[in-house]
Amino acid sequence: MDTHDLTKDVWRIDAAEFPADGSIEKRARFLLRYAILAPSSHNSQPWAFTVDGGSIEIHAAEDRWLDAADPDKRELYVSLGCAIENLCIAAAHFDLGYEIEYHDDATPISVVTLRPDAKPPSDRSFGLFGAITERTTNHLPFEATAVSDALLEQLRACVIEDDVSVRLVADPELNESIAALQAEADQRQLADSAYRRELGYWIGTGALGDSWLKARIGQAVVSHLNVGSREAQKNSKLVRSAPIVAVLTTDSDAPTVRVETGRSFQRLALAASAEGVAVHPMSQILERPAMRAELATLLDADDALPQHLFRLGYAAEEAGHTPRWPLEKFLVERT
Ligand SMILES: Cc1cc2nc3c(=O)[nH]c(=O)nc-3n(C[C@H](O)[C@H](O)[C@H](O)COP(=O)(O)O)c2cc1C
């Protein structure tokens, strides 16, 4: 039986407790406390880890896969990439070298092997460790303040995976077209009862951060009423308020390329957080294949595959962190 409850206590990690003189497996487990603070679609936290010495296998937890919203597992793999990036940033912070393998057609999707005698990769020293416990997704309207070119360059430089490109859309006309697409995507997704039921379920767990009562009311409303028009209006306004809409694109939909997309996104999100820039992923356009293709056309990138879309800008602070399940829930013994 699963006895773990969602908690916000996981956000309070004392880095001074890192067991620098402990076994490599103890160190690996400590690093995973940072991995689980990663963002994930609906806060589904779709990861599982098997630790053996310094070897950390990262598995997709299919029982937390959003099969209605994310039938081709794009968001699942992007979320895993976010967790892997937190893990690697934490390893580098504690001066641990590591190697990373990806497996497209097998589980685990990735293995991170800690190499205590090696130096961390030098191209990964973005100094983002402190932002891991500070970052939140920001769902609020953004202010009409531009993000400076210098800062945009800094964020662009976070995308270092060869397979991943970033488009930063500042053009108001293009922003308006994306806002219209967002409204249509919301209408379509929320007209789908399976999508509504799944979203309602996740709201009901409290994973999205509401109190128990608010979560249960939210679950009932979303599961049983067609709230599409309201969401469409709200979300298209959110897009319009954003000085930048960012889209990560790739040439392939391979699972590991999506994992790499997640790593790029998380690095960029942490850099943004460190600079006080708000970040808000919005997935509905990408969840509808025809609309995803329309987005590529709008971006004048017919050959590129949009993998992740998010708003960037300035906003008031979110009320606080969303909860996570404790690390123990995600640790799986090798069978
Ligand atoms: C792949 C992916 C897709 C996401 N899609 C959305 C989205 O469509 N709308 C939204 O409000 N948040 C979206 N999010 C943000 C998550 O809801 C958020 O990460 C999660 O609730 C945990 O909260 P936190 O990021 O504040 O820690 C997405 C995050 C990821 C990684």
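Readers should treat all values here as calculations from the given coordinates under stated rules, not as data from a laboratory. These numbers were taken from a predicted model, which means no experiment stands behind them. Cβ coordinates were reconstructed from backbone atoms using ideal geometry, including for glycine residues, and neighbour counts include every protein chain displayed.
What shape does region 182-244 have by the C-alpha gyration tensor, where a ≥ b ≥ c are the square roots of the eigenvalues, rounded means a/c under 1.5, and otherwise prolate means a/b greater than b/c and oblate the rest? Because a/c hits 1.5 or more and a/b fails to exceed b/c, region 182-244 counts as oblate. Membrane-span-like helices in the chain, defined here as complete DSSP H runs extending at least 15 Å along the helix axis by their C-alpha atoms with mean Kyte-Doolittle hydropathy no lower than 1.6, are absent; this is a sequence and geometry rule, not a statement about a membrane.
Indicate the gyration tensor shape class of region 238-335 (rounded, prolate or oblate), computed on the Cα atoms with a ≥ b ≥ c the square roots of the eigenvalues: a/c under 1.5 is rounded; otherwise a/b larger than b/c is prolate and the rest oblate. Oblate, since a/c reaches 1.5 and b/c is not below a/b. Straight Cα distances below 19 angstrom link Lys8 to the aspartates and glutamates Glu17, Glu134, Asp210, Glu317, Glu318, Glu328, with same-chain residues fewer than 8 positions distant left out.
Within the shell defined by Cβ-Cβ distances under 15 Å, the residues around Ala296 carry a net charge of -3, with Lys and Arg each +1 and Asp and Glu each -1.
Computed over region 85-143, relative contact order equals 35 percent, with contacts defined as Cα pairs under 8 Å that lie 6+ residues apart. Listed cross-link partners Lys237/Lys329; Lys26/Lys119; Lys26/Lys329 are compared with a 27 Å cut-off, the Cα-Cα value being larger for Lys237/Lys329.
Contact order for the chain, expressed relative to its length and based on alpha carbon pairs under 8 Å spaced 6+ residues apart, stands at 26 percent. Straight-line cross-link reach from Lys234 at under 21 Å between alpha-carbon atoms covers these lysines, not counting any fewer than eight positions away in the same chain: Lys214.
Looking at the square roots a ≥ b ≥ c of the eigenvalues of the Cα gyration tensor of region 46-95, which shape do they give, rounded for a/c under 1.5, prolate if a/b is larger than b/c, or oblate? Verdict is oblate for region 46-95.
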